[in-house]
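The values are calculated or read from the model by the stated rules, or taken from the named source; none is laboratory data. All figures in this text were calculated on a predicted structure; none of them were measured in a lab. Counting neighbours? That spans all protein chains shown, and the Cβs are built from the backbone with ideal geometry, glycine included. The area values use the complete protein model at the heavy-atom level, side chains included, leaving out ligands, DNA and RNA. Shrake-Rupley method; radii C 1.70, N 1.55, O 1.52, S 1.80 Å.
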Amino acid sequence: MAKRRKVSAPSADDLDRIEAEFRRETPAASGALAPISQVSAESARAAEILPTETRAAQERDRVDAETLRAAEEAGRVIREIPLDQIAADAMVRDRTVIDPSEMEELKSSIAAHGLRLPVEVFERAGEPDQPYGLLSGYRRLWAVRELLGVTGQDKYTTIRALVRDPDALGGSFAAMVEENEIRAQLSHYERGRIAVVAAQQGVFASVEDAVATLFKMASKAKRSKIRSFSVIFEELGDMLEFPENLKERDGLRLSAALRNGAELPLRDALSVAQPATPEEEWEALLPVIEAHEVVGAGPARGGRPKKDRPKTGWIAHNTLRLSSGVTLQSGQDGDGHVIRIKGAPVNSVLVERAMEHLQYLFEKG
């Protein structure tokens, strides 16, 4: 059995000898403190009381930095952005006509006094060449671009802009419409057009939703008129030469005729007339509109006015009107044959079922 070694506490001399050997074997860097001493020194320095003026300046810097960050996030900081970094056509514009005389006045004002009102842009993810899209200020942007082209001056290579968050403004379409409604009244046709475009691009579920959101501050009667003009854009927007010149009353008559099935004769009238002025265009439309207007009930009977029931069946060589109110129209373009389906009963479910029937028709053989 091994003998156990007796353990005794080291004496003071033993401790001095051990400490001296430890210092010889682990020399510290010149002028450096032991770790615990270094931590203590840093803590002491951190706890030093700074002069009142220094602490006040540091607090002002902190507050200023937070204020600047908040202003940038809210889109209140004006930046100088190069013109070539802004995509003017990043979204469909609600203004369809720019008056040349107004543009010249704007250019003269900017040349004399500078750009007093900045444009508004939004950031575009994944677009390194043009990282900003124009939200509002279309005419101002083009005025500065034209001044750069004419003068070549460096001061016109950038434009003052506010970077906005379209979602925080209620959507980019709503922000654009609001800006133009305030600064330059949109025409009835332009209001209806932008509602249709916004719905077609999937921003809103329907034209009705687009009108309700984009013009939510408008009265119920005004929104109804906008929906009427949206019908004009949907049915005749590709053929009308002067739609912005339509007066409110005339536009409502045209919209009512379209709802009564006048699209095809109206298109035929426009294609034959080829109007050169707004007056000539209206004169070409008027006979067709009058033929499709509501027919009165007559003096012997009361009640609401009634309208003639649209004819059904083949109303043209390529147009079939069904008793359900659906109209089928065939045509051909550069990509092949097309079938256009219109009418109040038409919805996505019925279109999908029609596609399934076409699939069966073309595959069964």
Selection over the stretch 103-132 where residues are basic (Lys, Arg) and outside any loop (DSSP other than H, G, I, E, B) yields a count of 1
Filtering the stretch 259-287 down to residues that are surrounded by fewer than 19 Cβ atoms within 10 Å (Cβ to Cβ) and under 26 Å from ASP209 (Cβ atoms) yields ARG259, ASN260
ARG223 meets each of (1) open to solvent by 40 Å² or more (accessible area, probe 1.4 Å); (2) touching a residue at least 40 places away in the same chain (Cβ under 8 Å); (3) under 12 Å from GLY192 (Cβ atoms) with one exception, condition (2)
Filter the stretch 226-258 for residues that are part of a loop (DSSP other than H, G, I, E, B), closer than 26 Å to TRP314 by Cα and touching a residue at least 12 places away in the same chain (Cβ under 8 Å); the one that is most open to solvent (accessible area, probe 1.4 Å) is MET239
In the set ALA71, ALA57, the lone residue that is among the small types (Gly, Ala, Ser), modelled with pLDDT under 85, more than 25 Å from the chain's Cα centre (by Cα) and farther than 24 Å from GLU244 by Cβ is ALA57
message: One residue is enough: does the stretch 213-227 have a residue meeting the conditions touching a Gly at 6+ places or on another chain (Cβ under 6 Å) and either at pLDDT 85 or above or more than 22 Å from LYS247 (Cα to Cα) (or both)?
response: yes
